Each structure stands twice: as structure tokens, then as C-alpha cells.
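No value in this document is a laboratory result; all are computed from the given coordinates. What you see is a predicted model, and the numbers here were worked out from it, not measured in a lab. Quick reminder, even Gly has a Cβ in these numbers, built from the backbone with ideal geometry, and neighbours come from all protein chains shown.
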Amino acid sequence: MLSEVPVIICGFPSPAADYKEDSLDFNDYLDVRRPSVYALRARGVSMTGAGIFPDDIIVVDRAKQPSHGAIVVASVNGSFTLKRLLTHPRVVLHPENPDFPDIVPADGEELVIFGVVTAVVRKL
């Protein structure tokens with residue numbers, strides 16, 4: 001993995017260009033050195049409205065507390081999915097594509113949150 005990337009300013013040249021920033025270390029920027037962080041490759045199109053497309057790499061943190069509105073890796077009765085977590089008025093796994101229905105775990109179904117998405121990496 002490329003560990004350090006120089007920083008470039010997008011737009012017009014700045015008079016402050018002589019005072020350039022330090023290079024960017026992807027490991028630090030994405031916080032991937034922590035043992036609770038892992039990466040997955042996205043498949044499907046249910047999260048395109050959130051900017052997650054097929055073949056994107058998502059960075060997931062198992063230690064981050066899932067909250068209302070977070071994008072999470074979840075399992076409902078053993079079936080894994082990537083969705084936005086809505087916690088009120090009831091728990092819903094919401095796709096960010098109107099072509100897909102919400103997943104509303106029924107009473108007795110097992111919902112497990114495996115981590116919160118903290119970053120998306122995509123090749124152009």
C-alpha cells in the first residue's frame with residue numbers, strides 16, 4: 001500500500017505555495033493500524049446514494065459505537081449487508097438507493113452490527 005502521498009491544492013496557485021504541507025500517510029489518515037479496523041470490497045449498488053459504488057474499498061472500525069445515521073456492516077440472521085443504520089423510531093437498515101427496500105428486523109430476528117464504515121477508497 002502506498003503509505004505517503006504528497007498533498008496538492010486544487011484550484012489557483014496560492015501565494016502560500018512555498019509553505020507546503022507534509023505528505024499524507026494513508027495508514028495514519030485512514031487509521032488502519034488499529035487492530036479493530038479492517039477493509040472490505042463493496043459489491044452491489046444499494047449504497048450509491050452514499051457514495052459507495054461496486055468495487056470500492058470500505059474501511060470499517062469494529063470498535064466504533066454505531067449511532068443513528070452511521071453506515072454499518074451488519075448481519076440479519078446471518079446475511080451480511082452494508083446499510084445506513086437508523087435507530088429511531090425503530091431500528092432500520094436503510095439502503096441509499098431508492099430501488100432497494102429498507103431492512104426492518106422483525107421480532108426474533110438476529111441483528112448484529114460488525115462495524116462502522118469510516119472511509120471509502122475508490123480508483124478512478
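Net charge near residue 92, counting Lys/Arg +1 and Asp/Glu -1 over other residues with Cβ under 10 Å of its Cβ?
For residues surrounding residue 92, the net value is +2.
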Karplus couplings for the range 98-113 from phi (6.51 cos²θ - 1.76 cosθ + 1.60, θ = phi - 60°), rounded to Hz, Gly and Pro as x?
x, 7, 10, x, 4, 9, 10, x, 7, 3, x, 7, 8, 10, 10, 9
Backbone HN-Hα couplings from phi across the range 62-75 [Karplus 6.51/-1.76/1.60, Hz, Gly and Pro as x]
5, 8, 6, 6, x, 9, 3, x, 6, 8, 10, 8, 9, 10
If you add up the charges near residue 118, with Lys and Arg at +1 and Asp and Glu at -1, over every other residue whose beta carbon is less than 12 angstrom from its beta carbon, what do you get?
+1
Placed amide H near residue 25: partners under 5 Å, 5+ positions off or other chain
5
Skipping prolines and chain starts, which residues have an amide H placed within reach, meaning under 5 Å, of the one on residue 47, given they are 5 or more residues away or on another chain?
96
Please list, in chain and number order, the residues 5+ apart from residue 114 or on another chain whose amide H is under 5 Å from its amide H, with Hs placed from the backbone.
73, 74, 75
Between the modelled labels at residue 68 and residue 40 (7 Å from Cα along Cα→Cβ) the distance in nm is 2.4
Which part of the range 94-118 falls in the paramagnetic zone of residue 77, meaning amide N under 14 Å from the point 7 Å along Cα-to-beta-carbon?
103-112
